[in-house]
């Protein structure tokens, strides 16, 4: 039987879970270092120290494990965004200042993992399946962080409550940071971030 046609399984035993986590770590490390196109399944299993049969026990193909790598990067990119922003600003900080802090931290994280950020930006445009998955993962991750931020900063202010409003704000922030890191603007980054923060801050806060 073609291993790619086998039904993949979710591990339940500790040893199986560890093997799957090793595969994810190996794929993440290789994509970060070499890029997605230059990373093959055989490279991943060699790095993880498992057989190719083990890979196909958990994943249908390379795109399948790419979703896990994207999820891991999303957790790294957004993971402590709310906690770090909350610890840096007073509860009564104005919205543009809050957004600027978030944008600054997003840029710092993207610059730290510039190659990986670029890989996933390209993948999300080139592959429709991955694009849908990336958007879903981002919504889940940013939704968690936005909830924490609203709980802390939204107590004494009136904010837009529609989910679409936060999705628009998040998409705009992601696109600005991605373009800034991968292409660059003719205007200084700090000025771009400040103006973006003012626009999004005014958009989110209802007067």
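Within the stretch 76-95, the set of residues being in a helix (DSSP H, G or I) and touching a residue at least 12 places away in the same chain (Cβ under 8 Å) comprises 76, 77, 78, 81, 82, 83, 84, 85, 86, 88, 95. Taking the criterion of being surrounded by 13 or more Cβ atoms within 10 Å (Cβ to Cβ) and farther than 16 Å from residue 81 by Cβ, the residues of the stretch 150-166 that qualify are 157, 159, 160, 165.
Every residue, every condition in (1) over 23 Å from the mean Cα position of the chain (by Cα); (2) within 27 Å of residue 150 (Cβ to Cβ); (3) free of Cβ contacts under 8 Å to residues at least 24 places away in the same chain; (4) not assigned by TED's automatic domain parsing to the domain that holds residue 143, yes or no:
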residue	(1), (2), (3), (4)
170	no, yes, no, no
174	no, yes, no, no
177	no, yes, no, no
182	no, no, no, no
187	yes, no, yes, no
192	no, yes, yes, no
197	no, yes, no, no
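Within the stretch 121-143, does at least one residue satisfy the condition of being surrounded by 18 or more Cβ atoms within 10 Å (Cβ to Cβ), touching a strand residue (DSSP E or B) at 6+ places or on another chain (Cβ under 8 Å) and outside the structural domain of residue 30 (by TED's automatic domain parsing)?
Step one: of the stretch 121-143, the residues surrounded by 18 or more Cβ atoms within 10 Å (Cβ to Cβ) are 121, 123-124, 130, 133-134, 137-138, 141-142.
After this cut, where a residue has to be touching a strand residue (DSSP E or B) at 6+ places or on another chain (Cβ under 8 Å) as well, the list is none.
No, there is no match, as no residue in the stretch 121-143 is surrounded by 18 or more Cβ atoms within 10 Å (Cβ to Cβ), touching a strand residue (DSSP E or B) at 6+ places or on another chain (Cβ under 8 Å) and outside the structural domain of residue 30 (by TED's automatic domain parsing).
Within the stretch 41-75, if we keep just the residues that are part of a helix (DSSP H, G or I) and loosely packed, with under 15 Cβ neighbours inside 10 Å, the residue that is nearest to the chain's Cα centre (by Cα) turns out to be 75.
Of the set (1) surrounded by fewer than 18 Cβ atoms within 10 Å (Cβ to Cβ); (2) out of contact with any strand residue (DSSP E or B) (no Cβ under 9 Å at 6 or more places or on another chain), all apply to residue 94 but (2). Condition check: surrounded by fewer than 19 Cβ atoms within 10 Å (Cβ to Cβ) and in contact with a strand residue (DSSP E or B) (Cβ under 9 Å, 6 or more places away or on another chain). Does residue 187 satisfy that? In short, no.
The values are calculated or read from the model by the stated rules, or taken from the named source; none is laboratory data. Treat the numbers as computed from the prediction; the structure is a model and nothing was measured. When we count neighbours, we look across all protein chains shown, and the Cβ atoms used for this are built from the backbone with ideal geometry, even at glycine.
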